[in-house]
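Report on the following structure.
What follows draws every value from the coordinates through simple rules; no lab data is involved. Being a predicted model, the structure only gives us computed values, none of them experimental. Cβ placement follows ideal geometry from the backbone for every residue including glycine, while neighbour counts extend to all protein chains displayed.
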Amino acid sequence: MAEAWDNTSDDPTRRAPLVLGAADFGSVTQKVAQLAERPKPPRAWYIAFGVSLALTGLLGAMILYLFTTGVGVWGLNSPVGWAFDIINFVFWVGIGHAGTLISAILFLFRQSWRTGINRFAEAMTIFAVICAGIFPGIHVGRVWLIYWVFPLPNQMNMWPNFRSPLLWDVFAVSTYFTVSLLFWYMGMIPDLATLRDRATSRVRQLVYGMLAVGWRGSNRHWQNYERVYLILAALATPLVLSVHSVVSFDFATSMVPGWHTTIFPPYFVAGAIFCGFAMVLLLAVPARQWFGLEDLITLRHLENMNKIMLATGMIIGYAYFIEFFIAWYGGNAYEHFAFVNRALGPYAWSYWIMVSCNVIAPQLFWSKRIRTSPWVAWGVCVFINIGMWFERFVIIVTSLSRDYLPSSWGVYKPTWVELCTLLGSFGLFFTLFLLFVRFVPMVAMAEVKAVMPQADAHAPEPTPGRHAHPIASRGD
Amino acid sequence: MSPLAQRSFWRSLEQRADTPEFRQFVEREFPAWADEMLEPASRRRFLQLMGASMALAGMTACRWPVEPIVPFAHRPEGFVPGEPLHYATALELSGAAVGLVVTSYDGRPIKVEGNPDHAYSLGGTLAWHQAALLELYDPDRSQHVVARETGPALWDEFVGFARAHFDALSATGGRGLAVLAESSSSPSRADLRARFQAAFPQARWHEYEPLSRDTVREGARLAFGRPYRTHVALDRAETILALDEDFLLHHPAAVRYARDFVAGRDPDGATFSRLWVVETNLSLTGSAADRRIALPNRALPAFATCLLSKLVHEAGAKLPPGLEGLRPALEAARSHPVYGRVDADLVLDLAGKPGRTVVLAGPRLTPEAHALVHALNETLGNIGRTVRYTEEPDPDRPPHATAIRELAHAMGHNLVETLVILGGNPVYDAPADLGFGDLLARVKTSIRLATYEDETSRACTWHVPRAHVLESWGDARDFAGTVCLVQPLIEPLHAGKTDLELLAQLLGEAPSSAYEIVRRTFAAGRGEPDERAWHAALRAGVVEGSAWPDARPTLGTQAWGERIVAALGAPAAPGPETFELVFGPAASLVDGRFANNGWLQELADPLTKLTWDNAAVLAPETATELRLVQGDVVQIARGGARIELPVFVLPGQAPRTIGAALGYGRTRAGRVGSGAGFDVYALRVGEEGAWADVQLERTGRTYPLATTQDHFAIDTLGAQERAERAVTLVREVELEAWRHDPAHALHREHAVPPIELWKPHDYPGERWGMAIDLNACTGCGACVVACQAENNIPVVGKAEVARGREMHWIRIDRYFAGDPDAPEVVHQPLTCHHCENAPCEQVCPVAATVHDAEGLNVMVYNRCIGTRYCNNNCPYKVRRFNWFNNHKSESALEVMVYNPEVTVRSRGVMEKCTFCVQRIQHVRIHARNEQVRGENGRAEGRLIRDGEIVPACAQACPTRAIAFGDLNDPASRVGRQHGSERAYKMLDEFNVRPRTAYLARVRNRGGHEGAA
């Protein structure tokens, strides 16, 4: 850190600064924009991109194999008709939630600290939803007819079944993706204009120029921008709650013991935010270090996220407990067995991985030292993401493997194809993310500047020497 | 086609012979002869081969039978394309036939069903009858004559050889000639055999069956001086004792006996029999028992003696005068260790009910034990009432075990120069110590007639393809002697010959066609050829009045009374360090003859639920003692012979015994059967074919077993839950409780009727439903294969079954209850329940599974995109998903097996039971077309009658356990059953409102347990 100024202090008399270092508007622009303007990214980027791209290729190969051979290449069976496909779908959709929460809900609640990480988180949302969207698309038996899930007018007058939660998923996830993409892109327009204005080559000028859709930074532009931003935030806010609720309906409205529980919607939403923040942190900690963004994505940002993870982790811990309580209290023998079987049956190992990672690991965040040690927190977040993946495994696989008739109980074992597909989806995610850090300002410059003391006309006079005179950069 | 016609046809095209296509064709079809074929020098050879090629090239096309066949039911005078025709025929297995009716579409047989007019079918079948169809279209069936030296040959070449060879033999009266035939009841074959023996007086004729019932025959010979066949009336017995007799599955009269057995157990009838089973391996009959005693096989003869002793000494039964010779044995039995195992309840159940009990004994018992069973029935007063006798055909025939030994002896001394083997598969299934394969190699000329070019054919100098039963003319007798006619549904696809045709050829006699031979035999019995009687018999499938008359033999003990005393001296349990290995038929492959039949390989064993494999079945107690778990491979040694088998732990197996199914481990069965399972025949040495003392050793290796239920060795938690759930899923009621108060016997829960979320459907017309009577279901599995045949269900193979991807639309769930060492078994067939509030329908995103106007939950394959959500949400897990394209590499021959009325499903599509909607539609179309005068005086279609629509599963069921019909009609059979006090719906508490009702099983344990 350029200046050892701890902004994680909890002293209520002093508002902790959100941007550290000797930052002014110009230096923020310089710091962020140069990352996207470098003629050549560092060698590490190439290595990371190469690996990610290779994994993406693996994903493509696995999908091709799946398409040409049939869903049987996965380890599914009767009774376990869903496993990695839907686990990965729920996992990736869940990841996305943190981005929307940060950009929309925290915006509405005027949590200015969000500005340091929102671009990042929103990008993560988009990429996670792309990864998520692949799975329901490829998991069907006749993939060439997947468009039948959309209510397209047709000569047979055949509509989808509006009673099916899978159809609700289609609407929920496609809405979510559309709004998230719009929100992300809309919020990026001023920054794209900055890049356009700083562009040194004709190609960059053209591309960024087109993407910036004629942004000139006029007062009128800013007014419209702020208004649309607010409207989109208001639109996206219910989505944070609704999308994962709808995803949870896939399970909650079915009659499979272990799925059929009313706690699922809030529990899924909390879980989504939990693992979403873990993923933001997972990306932010290395990025801020490798790209020198410690002043913009400060320890305070990380600590705040860790606190949210601690809170949501407790919520899902409570949900795990209450599921068991209701299974006992509800007096339904089938549900009772489903939960006892989760904790003690053949898949008990996955259940205890889940509990250790999701309930026990985040307890470390009670310690401020851990909350403010980026790499320790990063390690916890790895566990949280593993735990949340296993949560979906536990819900889907253990419930299906032993439902009503003991004669039809079965076991599920993934095949190499499923493992490679999961790995490949991470490849795709990181490929997209690496492209993002390479070509797009990864911190919302305009928004960060707005929360800097300099942007506040009534702010106390800055200590001389600490800040240079504000220079309106051409972008803002 | 006559050879002449073939030649003239091809002569006009011979200039095409040198094209590259032709060369390719030859290389493909006749690799062995390609060189010679393409060598223009041998013109005659060329013409011969082209004739054969023509026959083979045409084989995949449907052809019309040349000889006249009278349709069974529909339009004898004509034929409507697309309209199925039904023909009566029969399938013989080990000397007893079951009448069948085969459905044929446009000249192509597509479904086998039981012949309702035949007393040993009554419309029902077993699984292998159904599966005969698949064998017809099996591409692995032998397709041409093979000469060992030169490879594929023509029938005419064989004829040329045979004429010369047998002419020479007849000069010496057939010295050095022997025939080894499989058991057959065919009157025509008996006639040809007589002619054969007249033509070759020096020739020896041997008959062999690996799973012979000859101990039963020999037992009767001991008891009565002549072999008699025992017939029992299970419907009239109040107490049935089966000593190691699986009369529900592995018995020549099993289909009929199953029906009779169930008829004697009508919960609403006056009498309800109690079945006692004493056996070693848990059999299907054992699973139907009310009370069961598991004993080592060697102790069963002693058990019979002890039972008679107890009856006489403790229950006051009077020993009939002719049986006084048994006194010393009965006295000696009182101190026998097994005496205590004779349950007092059993004695009570048998004593004092003259003519209302029956004792049966199975083929693994000794002849002496069988003689004693006759004595038991005599003492109990059953003979002439529940037990009757007929004469055995061919009474002087030596037992199979002796016959093969004699033949082997002769072969070993080079006394056999020409051996004709009709069917069977002795290289695989003859007693292992004979070394039959090596002996066969010594025989100069061996001729084998067989369906497959199998282990035996490969050791013979000539192999002649055998015509499939559905391609053959023939005749056979059923268990009671009634002659059934076998008529072909299609001309031989591969130019196969029947054994009648081969024998006639060897004899050099005319007529040589099987049709004429059968007509000759038919006419012989009546003096005058009777065209009308012939047609009537063909139509009905049976020759009226041809059954054997009843005989009243007299029982004596001279021949065997002493031997019973001696037998009591033998140990009653295996010694320490040894185990008793009990050989048994494979549940569906029987003796291995059906090994290449995918339907039967994939049909789960009714008790172990194993597919594609056999195993060493151990009792839980024995497995615990040996610290073995399911899938551990053990080495089993008997003397020098040793085999390896995987362990399967099955409750009900007698302690310290090993149940092992024969019929697996074939090496030359074909692509399906070769290498499936383990060859247990290798341990079957010496005279004893029933059981053997063996040593058991663990190998430390494991072997994956594929079961359709309990896909994994279950943990304690799961096992406990399974036991708790089974009693609510499969309901049972004790007979006493049922008789006392039928309305409350089931202890059903009364729940507040749930509120409907949406308006229920309205069914003004029919409302189809099903009822399954668990009291009638024996768990035999015929319905599973019948459904597979009717609905074009693919076979997926062992690996896929192991993954839980079997495709059967109907399955039979099997649960154990009670003490694992003396379990009670329940079988529960499960199909789609066609729920009114179907959970599958609500979750399908594309509405591919919906309700139709008659309440069927229909699956629209065209609309299905394959999310599998419906199966996840199905509480009965009856839906099946096409994980792959299961029909990818099928030949033109294989696809002929498919029912044209049913869609063949593509990959990625969900499927499930349709209640045989194609059969519903078929009946409906016919009903609509039959004009009757309606209420308003106008002509309209008639209503569908109850019982007119029979789904494939219900049709095949030997015990009519499955009823189907209109639930809107309370008088229909299914309507009455739904209204029965025994009816319950599984998982009804979830308001899915299933269309299938189960009728609770009634147990008649009696005794102390029954009081509860």
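Computed from backbone phi, the HN-Hα couplings of the stretch A:266-273 come to x, 5, 5, 5, 4, x, 5, 5 Hz, rounded to whole numbers (Karplus: 6.51 cos²θ - 1.76 cosθ + 1.60, θ = phi - 60°; Gly and Pro given as x).
Peptides A:287-294, B:512-519: what's the order by average Cβ count within 10 Å, highest mean first?
Numbers: A:287-294: 17.4, B:512-519: 20.9.
Top of the packing list down: B:512-519, A:287-294.
Other protein chain C-beta atoms within 10 Å of residue C-beta, averaged over B:729-736: 1. Would you please classify the overall shape of the stretch B:124-239 from the alpha carbon gyration tensor, given that a ≥ b ≥ c denote the square roots of the eigenvalues, rounded means a/c under 1.5, and beyond that prolate means a/b larger than b/c while oblate covers the rest? Oblate, since a/c reaches 1.5 and b/c is not below a/b. At an R0 of 22 angstrom, the distance between the Cβ atoms of B:LYS888 and A:MET156 translates into a FRET efficiency of 0.15. Once the other residues with Cβ under 11 Å from the Cβ of B:PRO187 are scored (Lys, Arg +1; Asp, Glu -1), what is the net sum? Around B:PRO187, the charge tally is +2. Counting Cβ atoms of other protein chains within 10 Å of each Cβ in B:694-701 and taking the mean gives 0.
Relative to the dominant Cα principal axis of chain A, helix A:299-329 is inclined by about 20°. Across the stretch B:778-792, coupling constants 3J(HN,Hα) worked out from phi with the 6.51/-1.76/1.60 Karplus curve, θ = phi - 60°, read 9, x, 6, x, 4, 4, 5, 6, 4, 5, 4, 6, 5, 9, 6 Hz, and Gly and Pro carry x. In this rough spin-label picture, where each label sits 7 Å from Cα along the Cβ direction, the B:THR624-A:THR69 distance is 4.3 nm.
Using 1/(1 + (r/R0)^6) with R0 = 60 angstrom and r between the beta carbons of B:ASP715 and A:ARG202, what's the FRET efficiency to the nearest 0.05?
Values: r = 69 Å, r/R0 = 1.15.
The value I calculate is 0.30.
Ordering A:ALA272, B:ALA719, B:GLY631 by the projection of their Cα atoms onto the charge dipole of the protein assembly as shown, which places +1 on the Cβ of Lys and Arg and -1 on the Cβ of Asp and Glu, puts A:ALA272 at the extreme positive end.
The Cα atoms of the protein assembly as shown define a convex hull whose projected area, averaged across directions, is 68.0 nm².
Annotation for the stretch B:610-672 versus the stretch B:893-938: alpha-carbon center distance of 44 Å.
Between the listed residues A:LEU434, B:GLY663, B:VAL902, the Cα displaced farthest toward the positive end of the dipole of the protein assembly as shown, a dipole computed from Cβ unit charges relative to the Cα centre, is found at A:LEU434. If the chain linking B:ARG739 and B:ASP394 were pulled fully straight, counting 0.36 nm for each residue of separation and taking away their Cα-Cα distance, it would gain 119.4 nm.
For chain A, just say rounded, prolate or oblate: build the C-alpha gyration tensor, square-root its eigenvalues into a ≥ b ≥ c, call rounded for a/c under 1.5, and beyond that prolate if a/b exceeds b/c, oblate if not.
Working: a/c = 2.01, a/b = 1.57, b/c = 1.27.
Prolate is the answer for chain A, as a/c is 1.5 or above and a/b outweighs b/c.
Charge dipole (Cα centre; +1 on Lys/Arg Cβ, -1 on Asp/Glu Cβ; no other charges) of the protein assembly as shown amounts to roughly 3700 debye. Placing unit charges on each Cβ (+1 for Lys and Arg, -1 for Asp and Glu) gives the stretch B:214-391 a dipole about its Cα centre, and among B:VAL347, B:THR305, B:GLY219 the Cα reaching farthest toward its positive end belongs to B:GLY219. For B:VAL733, the residues whose modelled amide H falls within less than 5 Å of its own, excluding neighbours fewer than 5 places apart on the same chain, are B:ARG1001, B:VAL1002, B:ARG1003. Which of rounded, prolate, oblate describes the stretch B:574-707, given a ≥ b ≥ c as roots of the alpha-carbon gyration tensor eigenvalues and a/c under 1.5 marking rounded, otherwise prolate only if a/b is larger than b/c? Since a/c reaches 1.5 and a/b is larger than b/c, the shape of the stretch B:574-707 is classed as prolate. Describe numerically, in nm with one decimal, the distance between label points set 7 Å from Cα along Cα→Cβ at B:ALA641 and at B:ASP433. Between B:ALA641 and B:ASP433, the simple spin-label model gives 0.9 nm. Computed about the Cα centre, the dipole magnitude for the stretch B:214-391 is approximately 220 debye when only Lys and Arg (+1) and Asp and Glu (-1) carry charge, each at its Cβ.
Using only side-chain charges placed at the Cβ, +1 for Lys and Arg and -1 for Asp and Glu, the dipole size of the stretch B:813-957 relative to its Cα centre rounds to 600 debye. Spatially, the stretch B:530-587 and the stretch B:452-503 are offset by 25 Å when compared through their Cα centroids.
Amide hydrogen proximity for B:LEU241: with H placed 1.01 Å from N in the peptide plane, the residues at 5 or more positions away or on another chain lying under 5 Å are B:TRP276, B:VAL358, B:VAL359, B:LEU360. Less than 5 angstrom separates the built amide H of B:THR89 from those of B:LEU100, B:VAL101, B:VAL102, all sequence-distant by 5 or more or on a different chain.
In plain terms, the residue of B:PHE816, A:PHE393 with the fewest other Cβ atoms within 10 Å comes first and the most crowded comes last, giving B:PHE816, A:PHE393.
Applied to the stretch B:943-951, the Karplus parametrisation 6.51 cos²θ - 1.76 cosθ + 1.60 on θ = phi - 60° returns per-residue 3J(HN,Hα) values of 6, 6, 7, 5, x, 6, 9, 10, x Hz, with x for Gly and Pro. Could you let me know the centre-to-centre spacing of the stretch B:245-294 and the stretch A:252-305, using Cα atoms, in angstrom? The two parts, judged by their Cα centres, are 63 Å apart.
Applying 1/(1 + (r/R0)^6) with R0 = 51 Å to the Cβ-Cβ distance of B:ALA171 and B:ARG458 gives a FRET efficiency near 0.95. Note: chain B, Cα convex hull, 191 Å³ per residue. Note on the protein assembly as shown: antiparallel DSSP beta bridges, both residues inside, total approximately 60 percent of the bridges counted. Peptide A:78-86 has a mean shielding of 6, counted as Cβ atoms of other protein chains within 10 Å of each residue's Cβ. Distance between the modelled labels on A:TYR185 and B:GLU948, one decimal in nanometres: 6.4 nm (7 Å Cα→Cβ projection).
The fewest-to-most ranking of B:LEU618, A:LEU166 by surrounding Cβ atoms within 10 Å reads A:LEU166, B:LEU618.
Of the cross-linked pairs B:LYS798/B:LYS985; B:LYS497/B:LYS609; B:LYS609/B:LYS877; B:LYS609/B:LYS888; A:LYS413/B:LYS798; A:LYS413/B:LYS609, those separated by over 26 Å at the C-alpha level are B:LYS798/B:LYS985; B:LYS497/B:LYS609; B:LYS609/B:LYS888.
Summary value for chain B: 14 percent relative contact order, contacts being C-alpha pairs under 8 angstrom separated by 6+ residues.
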